[in-house]
Amino acid sequence: MLALPVINHLIQQNPETRHALAGYNGIVLTLNIAGLRVHGQFNAEGFLETSEREADTVLIFHSGAVQKLMQGQMPGVGDFAIEGDQDLGFNLLPLLGSLRYDASDDLARLFGNAAAGSIASRAEKVGHTLKQIGQSLMGQAADFAKEPQAPVITREEFDEWKEEVDRLRDDVARLHARLDKFERDDW
């Protein structure tokens, strides 16, 4: 499973959290993050290992939680659910929420400290720009969603409407003709 190494990499980069997660040795956790499922058992070092056992607790993050995190907002109570051991889930939730990715560590390992600093600062600028663009697009999408939706009609509905307009036009023409006749008769 590809997700376990990613989660474990995050745990590795956060030694305080890893130390706290080591206290959950033997506990089996399932994370459902907007359709992505991660299932594993904590070991004595605080890392997740594959497990066939049923989860002691399941943390479910709805897509709204992921969207809020991407926008730099804090997810609300309705953005997640806990199944199984509720107390365990509420204890693990802040620990997992404290995991932060530090790209500079990975960049330093790949390119050295000097290059990593330069790459990280450029990436931060690009990331900031992308975040602004993303927030702008999300705002525009939200504004568009608030606008009333224009009704879309079928071809048959349009043809019926057109026939009705033609009948109405004929009726108005007949009415004008009668009114003209009445005017002439009155003179």
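Are there any GluC sites (Glu not before Pro) in the stretch 23-52 that are in a DSSP loop and have at most 10 other Cβ atoms within 10 Å? List them by number. Intermediate results must be reported in sequence, preceding the final value.
Working: sites: Glu45, Glu49, Glu52; in loops: Glu45, Glu52.
Sparse-neighbourhood loop GluC sites (Glu not before Pro): Glu52.
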Self-check item: Residue-wise HN-Hα coupling along the stretch 40-52, computed from phi with Karplus coefficients 6.51, -1.76, 1.60 (Hz; x: Gly, Pro)
Solution: x, 10, 6, 9, 5, 9, x, 8, 8, 10, 4, 8, 9
Quiz item: Which value, in Å³ per residue, describes the convex hull spanned by the Cα atoms of the stretch 1-103?
Solution: 98
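Values quoted throughout were computed directly from the atomic coordinates according to the rules given, and no laboratory measurement underlies them. Every value quoted in this text rests on a predicted model; they were computed, and no experiment measured them. Using ideal geometry, Cβ is built from the backbone for each residue, glycine included, and neighbour counts are taken over all protein chains shown.
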